[in-house]
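Heads up: the structure comes next, in structure tokens.
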There are 2 protein chains.
Amino acid sequence: MAKRVSIKEVAQEAGVSIATVSYVINNKTEQSISKETRERVYKAVDKLNYVPNLSARILANNKSNLVGVVIPQTEPNKEFMFSNPFYSEFLSSFEYTARKKGYHVLISGTNPDENYIEVAKKRNLDGIIVLGTYPKDTLEELKNSGIPTVIIDSYVESYHFNTVETDDCYGGYLATKYLLEKGHRKIAIVTGSFTEKGVNQERLRGYKDALLEYGITVNNKYICSGTVDFDFGLEIAKTITELKDEITAVFCTADIIAMGLMNGLYKAGVKVPEELSIIGFDNTFTSKITVPALTTVDQNIALKGERAAKMIIGIIEEKLKGKQEYIIPIEVVERESVREV
Amino acid sequence: MAKRVSIKEVAQEAGVSIATVSYVINNKTEQSISKETRERVYKAVDKLNYVPNLSARILANNKSNLVGVVIPQTEPNKEFMFSNPFYSEFLSSFEYTARKKGYHVLISGTNPDENYIEVAKKRNLDGIIVLGTYPKDTLEELKNSGIPTVIIDSYVESYHFNTVETDDCYGGYLATKYLLEKGHRKIAIVTGSFTEKGVNQERLRGYKDALLEYGITVNNKYICSGTVDFDFGLEIAKTITELKDEITAVFCTADIIAMGLMNGLYKAGVKVPEELSIIGFDNTFTSKITVPALTTVDQNIALKGERAAKMIIGIIEEKLKGKQEYIIPIEVVERESVREV
DNA sequence: TTGAAAGCGCTAACAG
DNA sequence: CTGTTAGCGCTTTCAA
């Protein structure tokens, strides 16, 4: 590797002190530098192809311009975190926004044994984004570490933490209401497991709210809970098929479940939406792809990534003070999987 | 933020010198340390909750245990790089493998204006993974920077660079041959644009090879080239529908195109696979989801990520010398979109 | 087996 | 307006 040039060599080349070089390259306004000197430094930087060594800078400044994103192992025993398209869409938009603001992004799945705070300290992370649900203790510890943190999509005592969230309850309400407005009255819900205060529970709450608003009593037989994946959707198709003569619509609290369900229904010969209407949640890009295309609740993941980036950077740079909260707007995207009855 | 404890405080607590602490926490074998001292240090580390500051370490060692992954803006004007599920699957597996080996991963889209070598130098990256196709100059420059680099899926003068690749030509051959074995003789190919020496060109080559092997002359009318996305597949459905009485099968060089095509065909009332067989390429997780499920060529993306990580780390640690190359094995995954004729 | 001290590249307080 | 220098936390040579 070609020997890296340091500030010292730049100083030499420009015939100034290293302090001066530092002032110039950092555009320190509190230091006036003669135009001439400034130019000499620039020229030397160019000529020598100087690139500052951030490690040294971090050491001196205690500021890394690095933010870490922690992504859960979505499936235990599965090493892979963001096979779920949600994560990649989020990350994509997050990284882009952060980069534009001069921050780099360190990603990390979670090692069960490794405490993320350790990573954060080691790498002098300026801030941390936490995706997904974690035990409250872990989050509390994070908070106590004093490192700016933004939690995404976690309902764990939100009043404590900076958060970017979707209004899942409202989303569940919207989805269900949409079906109701289309004339459906017997509506099943297929959802993930109800970890305490999780996303699924909120969406279920919205579902109930909407039914109540229409004076419909909630029928527990219509509530199917399992895991958030394709296979569960596939599997539950059997149950739904049996319910087919009673119900006219299904609200799946995740697109991926809806896909599995639609697939299973297809195999069982149940036509969507002719015989059964389906609405999803997430609007991952795959929902356009199904046949029929899936009507779903859009939570604007890209916006989520962008807001998360702006929030954490705002906090880091102390432009944002106190607890921060942002709720991502939500809306139904009409496609082809719901019919009017 | 709670004041961080440094090696100095640990030394004080343990009643030894900072050098000794350094030896102990780094497990330096070339330094013998009495068991007793070692224990005292460990105790102090625990008590004070000491976490080493990697920035200082990097500065002293010139070794960051950080590797950068450069991801292209797949679509110009689109900020988002890895909406394409390929990237997330790759990254997921890459990060996991790297983490297990003690490396962290810095991700970055590419700023048109910002030269990635600069990022690499700034952050003292130990190695770089480049995804996708770049101008040869850029890669050459990277090479000259002396930073270990592994290029994924680029055909740019591969003999120069360390690479992890899929044998796209062979994949194209396999896909086509599969159709031929199922009795198809008139086979169209729908593919992306032919940038010089890109993936698509290779897959096309395989397609031609297979036809030739069966003594079939290539019909240019059957070669449809556009962009690698859902919409192109949708669009090309029209052309394919017109060809329907001549051809019996289509090879799409990307799953996402196949999805669009299937969607378009569905709308046009063309039945897959009864009237037309379709085979894809990639085996992204979405290919299970379609109706009918897509028969496709699997390139084992997770393995790709794993091998890339092992390769770059091997090179960094000088366990791997000279040009490295790994070709990901490939196979056809049979599902439901191809029928026997 | 241990410790003192130089040095990694940079920032910033201070002096001039 | 510019330069000197201490110090950020750590590794490593060399001496003890």
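The values are calculated or read from the model by the stated rules, or taken from the named source; none is laboratory data. Not measured: the values here are computed from a predicted model. All Cβ positions, even for glycine, are placed from backbone atoms using ideal geometry, and neighbour counts span all protein chains on display.
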Self-check item: Among the candidates A:G305, A:G264, A:G280, residue that is of a type in the set (G, A, S), surrounded by fewer than 24 Cβ atoms within 10 Å (Cβ to Cβ), on the phi < 0 side of the Ramachandran plot and within 14 Å of chain B (Cβ to nearest Cβ)
Solution: A:G264
Quiz item: Which ones in the stretch A:283-302 are facing chain B (nearest Cβ under 8 Å) and of a type in the set (D, E)?
Solution: none
Practice problem: Within the stretch B:92-119, work out how many residues are more than 9 Å from chain A (Cβ to nearest Cβ), under 18 Å from A:N65 (Cβ atoms) and hydrophobic (A, V, I, L, M, F, W, C). | Solution: 0
Exercise. Taking only the stretch B:235-257 into account, find how many residues are modelled with pLDDT under 95 and within 14 Å of another protein chain (Cβ to nearest Cβ).
Key: 4
Practice problem: Identify the residue in the stretch B:29-51 that is within 13 Å of DNA strand C (Cβ to nearest atom) and surrounded by 13 or more Cβ atoms within 10 Å (Cβ to Cβ) and, among all such residues, is modelled with the lowest pLDDT. | Solution: B:I33
Practice problem: Evaluate the following for A:V190: is it under 20 Å from the mean Cα position of the chain (by Cα) and either buried (at least 21 other Cβ atoms within 10 Å of the Cβ) or free of Cβ contacts under 8 Å to residues at least 12 places away in the same chain (or both)? | Solution: no
Quiz item: Out of the residues in the stretch B:46-55 that are out of contact with any Ser or Thr (no Cβ under 8 Å at 6 or more places or on another chain) and hydrophobic (A, V, I, L, M, F, W, C), which is farthest from the other protein chains (Cβ to nearest Cβ)?
Solution: B:L48
Quiz prompt | Where a residue in the stretch B:225-253 is in a helix (DSSP H, G or I) and its partner, wherever it lies, is of a type in the set (D, E, K, R) and buried (at least 18 other Cβ atoms within 10 Å of the Cβ), with Cβ under 8 Å and at least six apart | solution = B:F230/A:K288
Quiz item: Give me the pairs: first residue in the stretch B:21-41 and closer than 19 Å to B:K8 by Cα, second residue among the small types (G, A, S) and within 9 Å of DNA strand C (Cβ to nearest atom), beta-carbon distance under 7 Å, and six or more apart or on different chains, which are they?
Solution: B:V21/B:A11; B:V21/B:A14; B:R40/B:A14; B:R40/B:G15; B:V41/B:A14
Quiz item: Conditions: (1) within 14 Å of chain B (Cβ to nearest Cβ); (2) surrounded by 13 or more Cβ atoms within 10 Å (Cβ to Cβ); (3) within 12 Å of DNA strand C (Cβ to nearest atom). A:I71 meets all but one. Number of the miss?
Solution: (3)
Exercise. Can you confirm whether the stretch A:114-129 contains a residue that is touching a Phe, Trp or Tyr at 6+ places or on another chain (Cβ under 6 Å) and modelled with pLDDT under 90?
Key: no
Quiz item: Taking the stated definitions as given, is B:T286 polar (S, T, N, Q), in a helix (DSSP H, G or I) and in contact with a helix residue (DSSP H, G or I) (Cβ under 6 Å, 6 or more places away or on another chain)?
Solution: yes
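Do we have A:S337 as in a loop (DSSP other than H, G, I, E, B), within 13 Å of chain B (Cβ to nearest Cβ) and touching a Gly at 6+ places or on another chain (Cβ under 9 Å) here?
Yes, satisfied.
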Quiz item: Can you tell me which residue in the stretch B:311-332 is farthest from the chain's Cα centre (by Cα), limited to those that are crowded, with 16+ Cβ neighbours inside 10 Å and assigned to a loop (DSSP other than H, G, I, E, B)?
Solution: B:L320
Exercise. Scan B:T138, B:T163, B:T133 and give me the residue that is of a type in the set (S, T, N, Q) and either modelled with pLDDT of 95 or more or assigned to a strand (DSSP E or B) (or both).
Key: B:T163
